[in-house]
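One structure below.
The values are calculated or read from the model by the stated rules, or taken from the named source; none is laboratory data. Just so it is clear, the model here is predicted, and its values are computed rather than measured. In case anyone asks, the SASA skips ligands and DNA or RNA and just uses the protein heavy atoms, side chains included. Shrake-Rupley method; radii C 1.70, N 1.55, O 1.52, S 1.80 Å.
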Amino acid sequence: ASTAMRSDASPALDQSIAPTWSQTHTFTLPVVALARRIGTYTAGSTTPSVTGVTYMRIANAGATTITDFTGGTEGQLVCLTFNDVNTTITRANAYLARGVNYTSAAEAILCLIRGAINWAESGRANGT
């Protein structure tokens with residue numbers, strides 16, 4: 001048979017007990033997770049490279065449809081800021097919110113994370 005004890009009947013905690021560390025505890029985050037690596041976008045590119053990139057500013061003077069971001073690795077996060085209203089990101093290689101293509105707005109931000117096969121939207125801000 002089990003016996004239950006009410007919490008107000010339990011003995012008081014000894015607050016004089018201090019933990020003793022027996023080893024050195026080191027917590028390290030990979031530098032990759034902390035560094036912002038800015039990529040260069042070539043206006044009109046439909047498959048820009050994001051190899052090693054975490055941030056890229058997109059500016060297109062005319063209508064441009066981006067169908068893929070090449071060189072991405074699984075788990076890579078890329079945030080895009082748009083200087084235009086002329087860029088469309090298709091769902092060809094990206095799972096986008098609402099199941100529709102993404103159309104840019106000035107100063108809008110779109111963040112994508114790379115899965116094993118495709119990109120997936122992780123967040124957006126609409127801009128001006």
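For region 34-76, relative contact order (Cα pairs under 8 Å, six or more residues apart, normalised by length) works out to 42 percent. For region 108-116, putting each phi into the Karplus relation 6.51 cos²θ - 1.76 cosθ + 1.60 with θ = phi - 60° gives couplings of 6, 10, 10, 10, 10, 10, 8, x, 5 Hz, in residue order, rounded to whole numbers and with x for Gly and Pro. In this structure the amide hydrogen of residue 58, modeled in the peptide plane, comes within under 5 Å of the amide hydrogens of 81, 82, 83, none closer than 5 places in sequence on its chain. Pull up all non-local amide H partners of residue 119: gap of 5 or more, or a different chain, and H-to-H distance under 5 Å with H placed in the peptide plane. Under 5 Å from the amide H of residue 119: 94, 95. Protein-only accessible surface at a 1.4 angstrom probe places the residues 17, 89 in the order 17, 89, largest first.
In sequence order, region 90-107 has phi-based couplings of 8, 7, 4, 9, 8, 8, 10, 4, 6, x, 10, 4, 9, 10, 5, 9, 4, 6 Hz under the Karplus curve 6.51 cos²θ - 1.76 cosθ + 1.60, θ = phi - 60°, and Gly or Pro positions carry x.
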